[in-house]
1. B:GLY109 fails exactly one of the following numbered conditions: (1) of a type outside the set (A, V, I, L, M, F, W, C); (2) more than 14 Å from chain A (Cβ to nearest Cβ); (3) closer than 30 Å to A:GLY109 by Cα. What is the number of that condition?
2. Those residues that are in contact with a Leu (Cβ under 9 Å, 6 or more places away or on another chain) and among the acidic types (Asp, Glu), I need them from region B:133-150; list them, please.
3. Only one of (1) closer than 25 Å to B:PRO167 by Cβ; (2) touching a residue at least 40 places away in the same chain (Cβ under 8 Å); (3) in contact with a helix residue (DSSP H, G or I) (Cβ under 6 Å, 6 or more places away or on another chain) fails for A:ARG116. Which number is that?
4. Take region B:48-61 and flag every residue that is farther than 16 Å from B:GLU85 by Cβ, touching a residue at least 24 places away in the same chain (Cβ under 8 Å) and not polar (S, T, N, Q).
5. Looking at region A:134-151, is at least one residue within 14 Å of another protein chain (Cβ to nearest Cβ) and modelled with pLDDT of 95 or more?
6. If a residue must be surrounded by 14 or more Cβ atoms within 10 Å (Cβ to Cβ) and among the small types (Gly, Ala, Ser), how many such residues does region A:47-64 contain?
7. Of A:VAL44, A:VAL11, A:VAL67, A:VAL25, which residue is more than 18 Å from A:PRO142 (Cβ to Cβ), surrounded by 17 or more Cβ atoms within 10 Å (Cβ to Cβ) and touching a Phe, Trp or Tyr at 6+ places or on another chain (Cβ under 8 Å)?
8. Any residue that is in contact with a helix residue (DSSP H, G or I) (Cβ under 9 Å, 6 or more places away or on another chain) and either among the aliphatic types (A, V, I, L, M) or within 18 Å of B:ILE141 (Cα to Cα) (or both) - is there at least one of those in region B:74-81?
Number of protein chains: 2
Amino acid sequence: MRFCSACGAPVELKRPAGDTLERHVGSACDKIHSRSPKVVVGAVCGSQDQELLCHRAIEPRAGFWAVPAGYLELGESTEEGARRETREEACAQIEIMSLLGIYNVVRIGQVQLFYRARLVSPKVAAGLETLELDLFEWAAIPWDELAFPSVRWVLQRALELRDHTGPHPPALGP
Amino acid sequence: MRFCSACGAPVELKRPAGDTLERHVGSACDKIHSRSPKVVVGAVCGSQDQELLCHRAIEPRAGFWAVPAGYLELGESTEEGARRETREEACAQIEIMSLLGIYNVVRIGQVQLFYRARLVSPKVAAGLETLELDLFEWAAIPWDELAFPSVRWVLQRALELRDHTGPHPPALGP
């Protein structure tokens, strides 16, 4: 951030009164700009003991496999966001069952929320950000070709819960 | 947002290629600015069947009671954020036990994560943003003087779990 989004003047780094951290402050209007972590929402989508994975068409990690996930938008809840991402990436309708885990990626300012979901219909198709997709038996999951550590983490969590019925706590990740 | 934080020129509203929504785009540099929901982290902190509430010194809702909570900062995990907010508002050290609930406030773009926590020591004191604080028996909780609907919601959730032992799922709020 170099310029104030409110007044267009350069920003200065200073610690506002009563605050504990330095913030970018508009040099003409004194508006304080706090930079915030972003929320990523995703879903591990199962259908008859098979799990949906998307072969990523876009960077980062194009060509690797991931569960449907992406940035939460203004104007939607976290569950709505997970449903939208699954619709966009896999043309799939899901029913959300539970929260599987919260995974913090502090280094890049992300809080990732992953839900356990059920495919309402086995009809799925690659969306714009997906090269191809497939439903994998657990024994066929391409563990060495997954896009991100959090995808591996949340799939392992889903695998641990494979024969679990009833409510469960989410995993609280790093 | 009126000006681009990267180039200082006015922003334009347009839909980037491959995107589904209009975004603010710098008119000189074409940088895309996505506005994102923010994460609020808080903790319902108990000690021997008493719950910690802070009488808010600051707006919004100064003079009303709340659990320690506030915006997650860059550079910390959600659990670290809940511990920091509790330290800042109540000078208290906590041990986080579980995730109590996720509460979406879509209208103002907030995802609120509330943890169940245990006060490591009964030594608490009002921080800068707190007028006073107190440990309340459940029968004495000031239900009609709580600062926000999410505070009532998460306290009710903690009350439901009062005699529960062992793991539990988080409540998935509105």
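1. (2)
2. Initially, region B:133-150 is screened for residues in contact with a Leu (Cβ under 9 Å, 6 or more places away or on another chain), giving B:133-136, B:138, B:141-143, B:146.
B:ASP134, the sole residue that qualifies.
3. Of everything listed in (1) closer than 25 Å to B:PRO167 by Cβ; (2) touching a residue at least 40 places away in the same chain (Cβ under 8 Å); (3) in contact with a helix residue (DSSP H, G or I) (Cβ under 6 Å, 6 or more places away or on another chain), A:ARG116 misses just condition (3).
4. Within region B:48-61, just B:ASP49 meets the criteria.
5. Going through region A:134-151, the residues within 14 Å of another protein chain (Cβ to nearest Cβ) turn out to be A:150.
From what's left, modelled with pLDDT of 95 or more: A:150.
Yes, because at least one residue in region A:134-151 is within 14 Å of another protein chain (Cβ to nearest Cβ) and modelled with pLDDT of 95 or more.
6. 2
7. Being more than 18 Å from A:PRO142 (Cβ to Cβ), surrounded by 17 or more Cβ atoms within 10 Å (Cβ to Cβ) and touching a Phe, Trp or Tyr at 6+ places or on another chain (Cβ under 8 Å) holds for just one of A:VAL44, A:VAL11, A:VAL67, A:VAL25, which is A:VAL11.
8. The initial filter retains those residues of region B:74-81 that are in contact with a helix residue (DSSP H, G or I) (Cβ under 9 Å, 6 or more places away or on another chain), namely B:74-77, B:80.
Next, only the ones that are either among the aliphatic types (A, V, I, L, M) or within 18 Å of B:ILE141 (Cα to Cα) (or both) stay: B:74.
Yes, because at least one residue in region B:74-81 is in contact with a helix residue (DSSP H, G or I) (Cβ under 9 Å, 6 or more places away or on another chain) and either among the aliphatic types (A, V, I, L, M) or within 18 Å of B:ILE141 (Cα to Cα) (or both).
The values are calculated or read from the model by the stated rules, or taken from the named source; none is laboratory data. All of these numbers come straight from a predicted model, not from anything done at the bench. FYI the Cβ positions are ideal-geometry reconstructions off the backbone, even for glycines, and counts take in every protein chain you see.
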